[in-house]
Structures are given as structure tokens and as C-alpha cells.
1. Report, in deg cm²/dmol and to the nearest 500, the calculated mean residue ellipticity at 222 nm for the chain, where each DSSP H run with n ≥ 4 adds -39500 (n - 2.57) and the sum is divided by the residue count.
2. Show me the GluC sites (Glu not before Pro) within the range 47-93 that DSSP assigns to loop and that have at most 14 other Cβ atoms within 10 Å of their Cβ.
3. May I have the convex hull volume per residue, in Å³, for the Cα set of the range 192-308?
4. Rank Ala256, Trp95, Phe43 by how far each Cα sits towards the positive end of the charge dipole of the chain (+1 on Lys, Arg Cβ; -1 on Asp, Glu Cβ) and give me just the farthest.
5. Given a cut-off of under 8 Å on Cα pairs at least six residues apart, what relative contact order in percent is computed for the chain?
6. Under a point-charge model restricted to the Cβ atoms of Lys and Arg (+1) and Asp and Glu (-1), what is the dipole moment magnitude of the range 240-308 relative to its Cα centre, in debye to the nearest 20?
7. So what's the net charge close to Gln97: Lys and Arg +1, Asp and Glu -1, counting the other residues with Cβ under 11 Å from its Cβ?
8. Trypsin sites (Lys or Arg not before Pro) within the range 193-252: which are DSSP loop residues with at most 14 other Cβ atoms inside 10 Å?
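The values are calculated or read from the model by the stated rules, or taken from the named source; none is laboratory data. If you're wondering where the values come from, they're calculated on a predicted model, not measured in any experiment. Glycine also receives a Cβ, built like all others from the backbone with ideal geometry; neighbour counts cover every protein chain displayed. With ligands, DNA and RNA removed, areas are computed over all heavy atoms of the protein, side chains included. Shrake-Rupley method; radii C 1.70, N 1.55, O 1.52, S 1.80 Å.
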Amino acid sequence: MSFTKWLGGAALGATLILMGSSAFAVTIGFSQVGDEGDWRPAFSKDMQEEAKKEGIDLKFADAQGKEEDQLKAVRAFIAQKVDAIVIAPVVTTGWAQVLEEAKKAGIPVFLADRDVEGDKGLFVTRISADFNLEGRLAGAWLAQASKGNCQIVELQGTVGSAPAIERKKGFEAVLANFPNMKIVKSQSGDFTTEGGKKVMEAFIKATDNLKGVCGVFAHNDNMQLGAIQAMKEAGLKPGKDFLMVSVDYVPAMKEALAAGDANASVELKSAIGKYIYPVMTDWLKDKKELAKWIVIPSDLHTAATPGN
Ligand code: AHR
């Protein structure tokens, strides 16, 4: 905590950390992945609004999906001597060096949403949903809806990202129990609507209009929404002739579920600033060791079982 941040009663409305008889305003640097899809901008907005409410001075950096931009942003936060850094890492690899630099500078790092590979001693904790569970929930729903008999096409998220890796693993773990459920095509649509549409157009061509296919698992709703467009343009009936399951439960997916174009979506909460900031500010106060993963619950919704 830098001495220049000592307030001595200034900054009304700011989150103050009390240390002995002194109080400090909190400055947090947040390195965000980008603004792909509908879920991520909602998450960014929530982090900014919640910081304002909490009186936290938030320095926000959007990396436009590029890890090198995230590394630059984190180094800039270190140079600015922020009190703590939150990273939502685009991919799981390539973080060790910059995390070491933050540690050397005495700046604690918290992960939000996505995970990194390697030494867990380099960050305080990760606050996020369980992506593997999301994949398992999607797989279990599809197994039940298809009675364990389904040829599936899969739209994967960003290659090397924690949600793409874990959702696939979780989904496949369920499929392992059902010999007549198989992924017949799988490709990355990079978590975007356009990506999902392109990948689905290629699947439609390669499989003679999805012949024999019974289900579509997309690692996020935006790719599924793109896939739905492509299927409709090809004269197919997603949600009716094909079981459609994805992750995020964004407003546009709620509409697709209500319209019968999709069948199920696992909710990934985007309003998670209220979970993340208290963990950070409490830790800054008492430095008590935390579990390395603080899990935010996920739930699956259909048109018949809507969420909020
Ligand atoms: O990391 C979470 C995933 O990232 C969301 O499911 C997806 O929409 C986003 O791009």
C-alpha cells in the first residue's frame, strides 16, 4: 500500500482500507479480455458500476482479445503502484513472468472469471464460476433430452481459454457414460456470433445439412445465436429438429429460448463485482490466506425453467 495514498479523511465516498490508525483509498487495476459477445460487456459494465458504488478507483484496460495487450496493461498497473490487480486472462498460458513481477512489486493479483496455468502462489485467489460444471450440466441436459442417443456438433470457445478447455472436458466427461452420444464435428467460433455462424455454415456443408446430427453444444450463447442464424438460412429448424444447448444465458438467448429456437442455456452470472470486490478489499485489510478458488454458482435454464 503506497504512502501517497494515505488520505487522512479526504475522498468522501471512497473505499478506505484501515490499517492501524491510517486509512487508504483503494485503487484497483482490471485487465479485461475484451468485449466479445454479450456476456463480457455486461461483466465489464458491472465491474465499473460496482466499483463506483464501492468508492473504488478502478483503472480499466480492455485487451481486445490479445494476451500481449493484457501483459502490457498489467505492467502499467504495476508501474502505477495500484493496490491490487484483477485479471480475466484471455488464455491460460504465458502468465508466470508478469505475475512474478507483480509479486516482486508487492502488488496482489486476483483472477476473475478465467484461469491461468502454473504456480497458484502467484495470485491470491480466483473468483469465478465452475466452467467444467457448466459443461457437465450441458452434457447432462442433452443426455436426458436425447435419451442418451445423439450425434453432436460442438462450437468451441477461444482456443486455449479456460472456459473452452473446461466446458469441453466437462461435457465429454458426461458423454463418456453414453456410448451412443458422440461429437461428430468440433471447431472454435472464438466466442462470437459471427464465429458461430461461420462454423455452423461449414458444418452444414460438410454434413449434408446436418444429416444424422441431433444436438448442438456451443461454449457460449453468442456462438449458438450465430449457429441458429446459419441453420435457419439453410432451412433447418434449430430448437425443434435439433437440440440446442449453450452457456451464458444472456438476454438474446432468453428470447431464443422463449421463441423455441434454442432449448437450454447454463447461466454464467455477469453481475459478479459484488462477489469480487469484497474479497479483494477484505484481503487488503487482513491479508488472511484464501482458498485458491472461490466458486460462483451456475444453473441451467430452459423456457420452462427460466432464471431471473
Ligand atoms: O470466460 C467466460 C466466457 O467468455 C463466456 O462464457 C463467454 O461468453 C465469454 O467470451
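1. Numbers: 9 runs with 117 residues, N = 308.
Only helices count here, giving -12000 deg cm²/dmol.
2. Within the range 47-93, no GluC sites (Glu not before Pro) qualify (loop, at most 14 other Cβ atoms within 10 Å).
3. Considering the Cα atoms of the range 192-308, their hull volume per residue is 122 Å³.
4. So the residue we want is Trp95.
5. In percent, rounded to a whole number, it is 16.
6. Charge dipole of the range 240-308: 360 debye, to the nearest 20.
7. Local net charge: +1.
8. Lys211, Lys240
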